[in-house]
């Protein structure tokens, strides 16, 4: 009898009746062959692997993380609520020790969804990992969380949500942003003034294979994780580093993904992208599930797997060494850099233009944060879109100091909704969400 | 007339049913070491005063194959499995005559690595040397493409008495279960065949010409002739017989919980609109997870004769049964004894029950009557708790579409139907301790045999189409056809229903009352690049379990007549 070393929970929600559009990569068929493979391999019969039925998240679960404009239902569907609910179900089961580890094999994905949501970016509407994490923090008082995003695309949404949070380590390892959507995720993106260093970006050159990828995990990600000492580790398990993925240019494999999962040893994995639905996903997912459960995966291989064919070009390891030096230097000196940035500043501001490629919306954000030695700082985002919407979004962080909390409410009171169509306030100290709206809206 | 026979662990129940009602009913003790004698004895007694030529239907539910597996009295079987990449097939080893060979098929049914004929011949040679007569052949994804199993079959078919192919045993995905199920099928094949041929001969000698039908785990029956190659489907039909017996007397409530309280165990099942829920994947037999289609039943080790132990650690009821109630000469106190003590049953030695409960009463610091009441209540509560847990498990079954998720159908039965030996006595307790309305199945003591007798013939067909590959197939039915891109889901459903009809008729169904239904019909656009290249269609159809046509008024009669006291 085959049995799992780690009791492993699996939420499988392929959303067989939901697609962005009929021929879109994010369509009904995406997890069909994965389901076939998982069923045929009999994974759910392995003693210690259990399938859980996802719960739906609530409106408030979404509002705890996002400012959805104008409201949650306008930018998401039931399918997103189930997908995020799948992650939440796994998270709850892990916290309640019903399972040791869990994998939410769900769609649609979420890691490109940022704090403010006007629509879909990179196939993502709401950030399913962040919704799970903030729920776990609220319900189970989890504090320090590490997210390791192994999707081939930079997890810019998750990065945005945790940019100012020193209690969340966000590590994204992805194909170099100069060669792939969304074009961000460089080593100098290391977090906001109150959270310097807890954002870590590892761009890998195109055609990086098992060798380079696992090298980066071992020599960059694992040491940083060991330093950070998170309460839980979450893997945003995108599967598009695969050599057969149609949207990317990497040379990773099912064996590589399984080994990566063993090395990271995440408590929770959440599926993100991955669009080689026949040649990669069935094998990668089987590899990840077995690795999480602690079952031998040495013979899980794609039919056309040939390590020689996908071997990385010889110059790649040198490039990775250079990135490694830069990232580890930033990490080691993060406190020093932070002191430098925070010195004699009361506020920090940035202005950004964001493009919602899936929904074709252009957003302009003016972000202002209180530089705070005591908490992660009151946050004020003025956001407008090319569709003529103006919104003020205010965030009081979970562990806000008195001054930041007061400032958040001051901002909320002083801006009568007039210039802005909506004013939203997320007060995470009390776990509440307030909104004011302009007359006529 | 109809004969229904159900072999149980202690008793074998036989009924003779006519349009007018229950003509006769008998019980004979089960001799597990000689089931043939038990079955024959039961049939002889029931036929004593009946003209055998009037019997038009005879349905047997036996523990023959189950016992053989559980007691490991099965002949040696050879297994040849081809796995390709994935989990090491060594984990699924069935015996020392188990060989993993080369060959590989992917999830779309494409051949990745070929079979090696020389290797197969070598394995066959070794199996033959070990005097193996029956062999199972299972390839991963053979239900998407059976060609490799068929190639192996061609190579070895003349070397062995009988070769079983995995794709013919079940149409469902699950390689490990396909191995186990094919293995069990090959193992019980000779036992099943020999037994029922012998029963058939004996009945023929008596002038009984109706074909023998055998009850399956899914609550349906099939003719013996159709079951010869698939005997594994007749495993664990006992709980199904009881559920079908309960259906005969089911009330109009949309959802009903069925409890069959026996001596050792209580079996549970759920009826929705009079149809029992099926287990989605397959039943577990001993240590084997299988693809055998079965009713969703849950068996717990609590029954009327469960051993009751009360000591410093608390009260323990079951799962052991050490014999009948003390009132009937058994060695240890049981829940049945509480009924003697409380005066609910009188046909036994109450004094012995009281004596048995004296120590329990002392341990609990109360009177014997009060102790009996406590143990009885505890037994009922344990059964109710298990029932609630089973309902929760059913409601926690995952779904895979947004529609089903939001639809969120939840089973919440308000009514319990109880059958089995101590049914009427437990009914009162179950009702007092819960919010369920509790009804006793009329003829509760032979309802299982009635259920066997009246069960209809069931079958299932799984079909898939992959228009990019240009194929529609139901490998389990030995069916495949070329299709073009114009092939649609409704065409697939029509084909599946047609195959189902043929299969059901072969199994012995009444062509005028085929209750076919579509269980699953999924259609996916296959997109490669940015173009739709085909459709992937999956269809599952079934004749759902239920009772044969034409006996409603007879059943009504049985239900309305006063119960005979026994």
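Condition (residue is away from chain A (no Cβ under 14 Å), closer than 23 Å to residue B:262 by Cα and not in a helix (DSSP H, G or I)) applied to the range B:348-365: is it met by at least one residue?
Looking through the range B:348-365, at least one residue is away from chain A (no Cβ under 14 Å), closer than 23 Å to residue B:262 by Cα and not in a helix (DSSP H, G or I).
Is it true that residue A:363 is assigned to a strand (DSSP E or B), under 30 Å from residue A:140 (Cα atoms) and touching a strand residue (DSSP E or B) at 6+ places or on another chain (Cβ under 8 Å)?
No, not satisfied.
State all residues of the range B:384-410 that are buried (at least 17 other Cβ atoms within 10 Å of the Cβ) and in contact with a helix residue (DSSP H, G or I) (Cβ under 7 Å, 6 or more places away or on another chain); if no residue qualifies, say none.
B:384, B:399, B:402, B:405
Restricting attention to the range B:523-539, does a residue exist that is in contact (Cβ under 8 Å) with a residue 40 or more places away in the chain and either more than 14 Å from chain A (Cβ to nearest Cβ) or closer than 22 Å to residue B:276 by Cα (or both)?
Yes, that holds for at least one residue.
Considering A:53, A:101, which residue is more than 13 Å from every other protein chain (Cβ to nearest Cβ), over 30 Å from residue A:355 (Cα atoms) and in contact with a helix residue (DSSP H, G or I) (Cβ under 9 Å, 6 or more places away or on another chain)?
It is A:101.
What's the number of the only condition in (1) assigned by TED's automatic domain parsing to the domain that holds residue B:539; (2) in a loop (DSSP other than H, G, I, E, B) that residue B:473 fails to meet?
(2)
Among the listed residues A:10, A:32, identify the single one that is closer than 26 Å to residue A:303 by Cβ, in a helix (DSSP H, G or I) and within 12 Å of another protein chain (Cβ to nearest Cβ).
A:32
If residue A:111 passes every condition in (1) under 18 Å from residue A:30 (Cα atoms); (2) touching a strand residue (DSSP E or B) at 6+ places or on another chain (Cβ under 6 Å); (3) surrounded by fewer than 23 Cβ atoms within 10 Å (Cβ to Cβ) but one, which one does it miss?
(3)
Being in contact (Cβ under 8 Å) with a residue 12 or more places away in the chain, closer than 21 Å to residue B:262 by Cα and more than 33 Å from the chain's Cα centre (by Cα) is true for just one of B:376, B:340. Which residue is that?
So the residue among B:376, B:340 that is in contact (Cβ under 8 Å) with a residue 12 or more places away in the chain, closer than 21 Å to residue B:262 by Cα and more than 33 Å from the chain's Cα centre (by Cα) is B:340.
Please list, ordered by residue number, the strands (runs of 3 or more DSSP E) wholly in the range B:194-266 having 3 or more residues that are buried (at least 23 other Cβ atoms within 10 Å of the Cβ) and modelled with pLDDT of 95 or more.
B:212-215, B:255-261
Which is assigned by TED's automatic domain parsing to the domain that holds residue A:147, under 17 Å from the mean Cα position of the chain (by Cα) and touching a residue at least 24 places away in the same chain (Cβ under 8 Å), of A:219, A:235, A:249?
One residue alone meets the criteria, A:235.
I want to confirm something. Restricting to the range B:98-108 and keeping residues that are in contact with a strand residue (DSSP E or B) (Cβ under 7 Å, 6 or more places away or on another chain), buried (at least 20 other Cβ atoms within 10 Å of the Cβ) and in a loop (DSSP other than H, G, I, E, B), which single residue is farthest from the other protein chains (Cβ to nearest Cβ)?
B:103
Name the single residue that is farthest from the chain's Cα centre (by Cα) among those in the range B:65-97 being in a strand (DSSP E or B) and either closer than 16 Å to residue B:176 by Cβ or within 14 Å of chain A (Cβ to nearest Cβ) (or both).
In this case the residue turns out to be B:82.
Can you pull out the residues in the range A:77-98 that are more than 14 Å from the chain's Cα centre (by Cα), within 19 Å of residue A:58 (Cα to Cα) and within 14 Å of another protein chain (Cβ to nearest Cβ)?
A:77, A:78, A:79, A:80, A:81, A:82, A:85, A:86, A:89, A:90, A:92, A:93, listed by residue number.
Answer yes or no as to whether residue A:380 is in contact with a helix residue (DSSP H, G or I) (Cβ under 6 Å, 6 or more places away or on another chain), more than 14 Å from chain B (Cβ to nearest Cβ) and either under 30 Å from residue A:121 (Cβ atoms) or in a helix (DSSP H, G or I) (or both).
Here the answer is yes, as residue A:380 does meet what is asked.
Given (1) farther than 21 Å from residue B:559 by Cβ; (2) in contact with a strand residue (DSSP E or B) (Cβ under 8 Å, 6 or more places away or on another chain), identify the lone condition not met by residue B:204.
(2)
When you check residue B:185 against the structure, is it within 14 Å of chain A (Cβ to nearest Cβ) and either modelled with pLDDT of 95 or more or in contact with a strand residue (DSSP E or B) (Cβ under 8 Å, 6 or more places away or on another chain) (or both), yes or no?
Against the criterion (within 14 Å of chain A (Cβ to nearest Cβ) and either modelled with pLDDT of 95 or more or in contact with a strand residue (DSSP E or B) (Cβ under 8 Å, 6 or more places away or on another chain) (or both)), residue B:185 does not qualify.
Report the residue count in the range B:160-181 for those that are within 14 Å of chain A (Cβ to nearest Cβ) and in a helix (DSSP H, G or I).
9
The values are calculated or read from the model by the stated rules, or taken from the named source; none is laboratory data. These numbers were taken from a predicted model, which means no experiment stands behind them. Cβ: placed from backbone, ideal geometry, glycine included. Neighbour counts: every protein chain shown.
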